[in-house]
1. Find how much the distance from residue 57 to residue 123 grows on full extension, using 0.36 nm per residue of separation minus their present alpha carbon separation; answer in nm with one decimal.
2. Which angle between 0 and 90 degrees, to the nearest 10, do you get for helix 173-188 versus the longest principal axis of the chain when only C-alpha atoms count?
3. Work out how far the C-alpha atoms of the range 90-147 reach from end to end along every principal axis, then list the three figures in whole Å, largest first.
4. Based on alpha-carbon centroids, what's the gap between the range 227-243 and the range 70-110 in Å, whole number please?
5. At a temperature of 25 °C and a viscosity of 0.890 mPa s, determine how fast the range 164-244 diffuses translationally according to Stokes-Einstein, using the Kirkwood radius over alpha-carbon pairs as Rh; express D in µm²/s, rounded to the nearest whole number.
6. Tabulate in residue order the Karplus-calculated ³J(HN,Hα) for the range 143-160, using 6.51 cos²θ - 1.76 cosθ + 1.60 with θ = phi - 60°, rounded to whole Hz; enter x for Gly and Pro.
7. Quick one: which of 73/133; 28/232; 9/73; 40/184; 73/127 span more than 28 angstrom between C-alpha atoms?
8. Over the range 100-166, what is the relative contact order in whole percent, taking alpha-carbon pairs under 8 Å and six or more residues apart?
Amino acid sequence: MIEIRELHKQFGSLKVLKGINLNIEKGKVVVVIGPSGSGKTTLLRCLNILETPTIGTVKIGDVALNFNQKVSKSEIQSFRKLTGMVFQNYNLFPHFTALENVIEGPVTVKKMRKDEAKQNAEMLLEKVGLKEKINQYPFQLSGGQQQRVGIARALAIGPEVMLFDEPTSALDPELVGEVLKVMKDLANDGMTMIVVTHEMSFAKEVADEVIFMDQGKIIERGTPADLFSNPKEERTRQFLNLLK
Ligand SMILES: Nc1ncnc2c1ncn2[C@@H]1O[C@H](COP(=O)(O)OP(=O)(O)OP(=O)(O)O)[C@@H](O)[C@H]1O
Ligand SMILES: [Mg+2]
């Protein structure tokens, strides 16, 4: 489903991703952990092509981008529709209601008819438990509610893969659960997901696989049970000790 080959990303002289290789099967949930600055966000942004990889290939389903050669804007645009991204700080449009935030992508990116996009947005906002809030602006919503709008918005373009970058880390503790619940429901529906999070209970319960990244590389991957209780690499062990 997802194939990442020898992916490198460099900002000027700073090498941030140093040869990422990763296969993820359809319907799997992969949690990515690792120290600050290890490249977790950059990896997700490279999959959504918010950053252009320096070299390497990424493939989702049958659609591949090879950054070892020139990649056109239209190729990038069609690839971008395959992933929905959920950001740490929600990134909602402040001057749009919840509904308008969810409608925007399908109408502008997918050229969906407005009435169709609206119907779809209402269905998605209901799915994330915000039926009553569709006409509210972001400032009228709690962090947990804003993030659930963020999830509905990412789903609205009908992505093959959902990417979550620390979706609950900006939330007050009592609001974390409602967002994780929506993510669990998505996983149960069979969505393929890559989730950067340090919510260990979520990883243990929902992830098929956990990946530990350090200094731009995948150091170790395994089932949550294996990686958390029986890490093979010293660096993984050290990192997990810090989380305890
Ligand atoms: N647009 C950019 N320009 C220059 N350097 C960048 C840019 N984006 C990220 N970096 C650098 O790349 C490195 C990896 O950043 P990244 O945000 O991917 O790490 P991370 O693993 O997500 O960290 P955190 O856990 O703090 O979110 C950092 O050294 C960061 O300063
Ligand atoms: Mg990050």
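What follows draws every value from the coordinates through simple rules; no lab data is involved. This is a predicted model, so every value here is computed, not measured. As a convention, Cβ positions derive from the backbone with ideal geometry for all residues, glycine included, and neighbour counts pool all protein chains shown.
1. 20.3 nm
2. Rounded to the nearest ten degrees, it is 90.
3. Projected onto the principal axes, the Cα atoms of the range 90-147 cover 30, 20, 15 Å.
4. 36
5. The diffusion coefficient I find is 181 µm²/s.
6. Running phi through 6.51 cos²θ - 1.76 cosθ + 1.60 with θ = phi - 60° gives x, x, 5, 4, 5, 5, 4, x, 5, 4, 5, 5, 6, 5, 7, x, x, 7 Hz.
7. Flagged as over cut-off: 73/133; 73/127.
8. Taking the mean separation of contacting Cα pairs over the length of the range 100-166, I get 42 percent.
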